[in-house]
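Worksheet: the structure to be examined is printed underneath.
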Amino acid sequence: MAEVAGTPTFGLTDTTGRPLRTPKTAELVARKLRRMIVDGQLVDGDHLPHEAELMEHFSVSRPTLREAVRVLEAERLVEVRRGSRTGARICVPGPEIVARPASLLLELSGATVADVLVASESLEPAAAGILAAEGTEEAFDELERFVDEDIPAAYAAGDFGHASARFHLLMVQLSGNATLALVAGMLNEIFERHTVSVSREVGRGDVAVSEATYKLSVRSQRRLIKLLRARDSAGATAHWQKHMAVARSTAMASHLDVKVRDILD
């Protein structure tokens, strides 16, 4: 059986002067399957066609095809259940696919909560500005419903920290900027764990302070939504910048030196 040929290098080199490596046939097949997922020809939950069909389509042997599938499995794009007759299933990953490796790098670098919050302060206000300029009424409605329903329910259940972190992530996701949403998703695990820890500590110290913090946060969230509906991009950006700066300097002030590794342990 003739297999897909790799692209010859003809003496070409990369930017460091090293010879370009000819891609293996399995890598070329994986690349084609990956493109089908990116283009939406294969969507989350779909199963790859049977091996015989794929072998014929790509003109490759069974070992080569299985190696290509293993490449996609390592990238978390497919899930293979050993012994299953249904074959490999497409699993379109979310930010969690890079969140843990990114968190590990932050742990190794000795990053602190302050580092993460400063990064978020640069990212989230920008997302708020984009959302005000380009967001849909449906997006604003979703944020408002979250503040009206999910936030109070979480506070009543003693889970305000989780809900607050989810609001931050949801706002960035609704901005429609895929890159900002990805980075926010990477930081969300750290931010959420830290927010939960702080909110629980505040609650143990003084219920009145906890309630005051809750009311201030909700009032600020409602103010943001009002600015979003007014399409006030500059106002939304400035308001959320202030919101995050206040949170960093008040409720979280005594926790800024906490190491990321201590949160994720």
Is it fair to say V69 is at pLDDT 90 or above and surrounded by 13 or more Cβ atoms within 10 Å (Cβ to Cβ)? yes
Which residue is farthest from L131 (Cα to Cα), if the candidates are limited to the range 157-168 and must be surrounded by fewer than 22 Cβ atoms within 10 Å (Cβ to Cβ) and modelled with pLDDT of 90 or more? R166
For the range 207-219, enumerate the residues that are surrounded by fewer than 17 Cβ atoms within 10 Å (Cβ to Cβ) and modelled with pLDDT of 65 or more. E211, A212, K215, L216, R219
If you take just the helices (runs of 4 or more DSSP H) that sit entirely in the range 98-196, which of them hold at least 3 residues that are of a type in the set (D, E, K, R) and either farther than 19 Å from R248 by Cβ or in contact with a strand residue (DSSP E or B) (Cβ under 8 Å, 6 or more places away or on another chain) (or both)? 137-145
Output yes when any residue across the range 70-93 is within 23 Å of the chain's Cα centre (by Cα), in contact (Cβ under 8 Å) with a residue 60 or more places away in the chain and in a loop (DSSP other than H, G, I, E, B), and no when none is. no
Taking the criterion of being exposed (fewer than 13 other Cβ atoms within 10 Å of the Cβ), modelled with pLDDT under 90 and either of a type in the set (D, E, K, R) or part of a loop (DSSP other than H, G, I, E, B) (or both), would at least one residue in the range 52-61 satisfy it? no
Looking only at the range 169-206, and only at residues there that are among the charged types (D, E, K, R) and modelled with pLDDT of 65 or more, the one that is nearest to D257 (Cα to Cα): R193
Under 8 Å between Cβ atoms, at least 6 apart or on separate chains: pull out the pairs that start in the range 119-137 with a residue that is under 11 Å from R231 (Cβ atoms) and in the same structural domain as A245 (by TED's automatic domain parsing) and end on any residue that is crowded, with 17+ Cβ neighbours inside 10 Å and β-branched (V, I, T). G129/T237; A132/T237
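The values are calculated or read from the model by the stated rules, or taken from the named source; none is laboratory data. Small disclaimer: the values here were computed from a predicted structure and weren't measured. Here Cβ is always computed from backbone atoms with ideal geometry, including for glycine, and neighbour counts include all displayed protein chains.
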